[in-house]
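J.: Right, I'll just put the structure down here and ask away after.
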Amino acid sequence: MTVHSKFPNLETERLILRNVGNEDIDFIYRLFSNEKVCEFLYDEELFTTRNEATKFVEWNSNPEEKGFNRWILVEKSNDQQLGTCGFHCWDRTNNIAEIGYDLWHEYWGQGYMKEGLISAIEIGFNNMALNRINAFVALENVNSIKLLEKLGFKNEGVYRDKHLFRGKYYDHYSFSLLKRDWNQIKG
């Protein structure tokens, strides 16, 4: 029996998705210190030091052991780092995990994240044996909502007071994608 990596490096038409490493520290710092990129990320303050990026990379290292990951989305044509996506909060008893993602603002609206998430979703359902993938989106994050809907995620309603950020609670939409629905979508 072949044992598959839960979080392998992936390739799409335009992208390489590879697990985050030390070579990504500067990019991670630039990404998560940018106000535009992080506008709707209410679970983390903007990075103010390179050390925070180093800790992020360390936290996401050894994904096979830890059971969560972050892939760097790299454009094949020029090796440009565009963003990240990955799984966390993996409930192995119920086969559920949460997916998260972010993209450098100059690449918004060009289909890169959709392309990357399709591969990540496939890994979630096939390699991780997930039955359900959750995604939580700030109510004002219209672009992320549209992306999830294009991918077949269902909006299950509002998760009230999901994050306490800078002294204020923020509601989020709770989205889910079930394996059976994904299998129907991809035919």
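The values are calculated or read from the model by the stated rules, or taken from the named source; none is laboratory data. Values in this document were obtained by computation on a predicted structure and should not be read as measured data. So basically every Cβ, Gly included, is an ideal-geometry build from the backbone, and we count neighbours across all protein chains shown. Calculation scope for accessible area: heavy atoms of the full protein, side chains included, ligands and nucleic acids excluded. Shrake-Rupley method; radii C 1.70, N 1.55, O 1.52, S 1.80 Å.
J.: Please name which of I133, N69, N34 has its Cα lying farthest along the dipole of segment 1-152 towards the positive end, using unit charges on Cβ (Lys, Arg +1; Asp, Glu -1) and the Cα centre as origin.
T.: I133
J.: Going from most exposed to least, what order do I118, I72, I145 have by accessible area with a 1.4 Å probe?
T.: Ranked list, largest accessible area first: I118, I145, I72.
J.: Which value results for Rg/Rh of the chain when Rg is the Cα radius of gyration and Rh the Kirkwood radius based on the inverse mean 1/r?
T.: Answer for the chain: 0.94.
J.: If you place +1 on the Cβ of every Lys and Arg and -1 on the Cβ of every Asp and Glu, how big does the dipole about the Cα centre of the chain come out, in debye to the nearest 20?
T.: 540 debye
J.: Next up: Translational diffusion coefficient of segment 17-85 at 4 °C, 1.567 mPa s, Stokes-Einstein with Kirkwood Rh over Cα pairs, in µm²/s as a whole number.
T.: The calculation lands on 104 µm²/s.
J.: Can you pull the percent of the chain's accessible area that's carbon plus sulfur, 1.4 Å probe, other chains left in place?
T.: Of all accessible area on the chain, carbon and sulfur atoms account for 46 percent.
J.: Could you sort E106, E45 by their accessible area in this structure, using a 1.4 Å probe and putting the largest first?
T.: Result, largest first: E106, E45.
J.: Related question: So which residue, out of G83, G124, G100, gets the largest mean-square fluctuation from a GNM of the chain using Cα contacts under 10 Å as springs?
T.: Among G83, G124, G100, the largest GNM mean-square fluctuation belongs to G100.
J.: With every protein chain left in place, what is the accessible area per residue of segment 38-145 in square angstrom, probe 1.4 Å?
T.: That works out to 47 Å² per residue.
J.: Okay, moving on. Cα centroid distance between segment 108-134 and segment 20-35, in Å?
T.: Between the Cα centres of segment 108-134 and segment 20-35 lies a distance of 21 Å.
J.: Taking the dipole about the Cα centre of the chain, with the C-beta of Lys and Arg at +1 and of Asp and Glu at -1, give me whichever of Y169, N143, I96 is farthest to the positive side.
T.: Going by the charge dipole, the pick is I96.
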